[in-house]
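Read through the structure below, which is laid out as structure tokens, and then see the notes.
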């Protein structure tokens, strides 16, 4: 490691000692294909491979800093249904062979949760992720990883309202009673992420400055951090800078 880089990273860690750090970080892992092109690779699949492998390293940083909840945006509904079939197939294989497989290995501390429309995924990808969810269910509960895949925030809210109405119908409630039941807490209870805390900090790599439908409900009061590096090139120093940026802010929660 470059001595200057190592010195700067130690300085960042000292600045974060005793700071108010996020307990839940959500990440849009953007820029895998552009990173591959920037490196001179003609095959975008190389970017997906490096991006999938890099998640393992970033989760290690989160563990080190005591971040107990992480949500990662792996693929939207449009990513799965509208991109080139060959590229989507490769991305799904990376998720199966790298992401899901590593989360299942002995010694993993992360309990896996899934968020999104799993019905749009290939059977093999859905099976691999469900297996990771099942096999990590008893991982102690200190570290939770939510994988958002086949995900769209507007779809999630629509599905939550539909689920709430279905529940009310089963309970035999009238329209007036249903209207009286609807609240922010009730809607949240029917989201994919029910039971998980809302993210304190959302990080997006690649320089894009938009949410792209990610956690639209949950991130209403989140702090946002946009990083100009592509996901496979997202370094530990970039991660620590994001934490420092968060620690320096005064959260107002809409007030």
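From the list 162, 170, 249, the lone residue that is under 21 Å from residue 68 (Cβ atoms) and loosely packed, with under 14 Cβ neighbours inside 10 Å is 249.
Residues that are surrounded by 17 or more Cβ atoms within 10 Å (Cβ to Cβ) and part of a helix (DSSP H, G or I) within segment 73-89 comprise 77, 79, 80, 88, listed in sequence order. Does segment 168-191 include one or more residues that are under 30 Å from residue 10 (Cα atoms) and modelled with pLDDT of 95 or more? Within segment 168-191 (the criterion being under 30 Å from residue 10 (Cα atoms) and modelled with pLDDT of 95 or more), the answer is no, since none of the residues qualifies. None of 220, 242 is farther than 30 Å from residue 168 by Cα, out of contact with any helix residue (DSSP H, G or I) (no Cβ under 8 Å at 6 or more places or on another chain) and modelled with pLDDT of 95 or more except 242.
Has segment 169-181 got at least one residue that is farther than 27 Å from residue 231 by Cβ and touching a strand residue (DSSP E or B) at 6+ places or on another chain (Cβ under 8 Å)? There is no residue in segment 169-181 that is farther than 27 Å from residue 231 by Cβ and touching a strand residue (DSSP E or B) at 6+ places or on another chain (Cβ under 8 Å).
Scanning segment 131-163 for residues that are in contact with a strand residue (DSSP E or B) (Cβ under 8 Å, 6 or more places away or on another chain), closer than 17 Å to residue 94 by Cβ and part of a helix (DSSP H, G or I) turns up just one, 132.
Could you please find all residues in segment 64-78 being touching a residue at least 12 places away in the same chain (Cβ under 8 Å) and over 15 Å from the mean Cα position of the chain (by Cα)?
65, 66, 78
No other residue among 99, 28 is under 25 Å from residue 244 (Cα atoms), within 15 Å of the chain's Cα centre (by Cα) and crowded, with 20+ Cβ neighbours inside 10 Å apart from 28. Applying a threshold of 6 Å to beta carbon distances and a minimum spacing of six or more residues, or different chains, the list of pairs starting in segment 159-188 at a residue that is closer than 23 Å to residue 115 by Cβ and ending at one that is part of a loop (DSSP other than H, G, I, E, B) and at pLDDT 95 or above reads 160/190; 160/191; 163/190; 164/190. Annotation: residue 154 fulfils all but one of (1) farther than 30 Å from residue 107 by Cα; (2) crowded, with 16+ Cβ neighbours inside 10 Å; (3) touching a residue at least 60 places away in the same chain (Cβ under 8 Å); the unmet one is (2).
The values are calculated or read from the model by the stated rules, or taken from the named source; none is laboratory data. Being a predicted model, the structure only gives us computed values, none of them experimental. Virtual Cβ from ideal backbone geometry, glycine too; neighbours counted across all protein chains shown.
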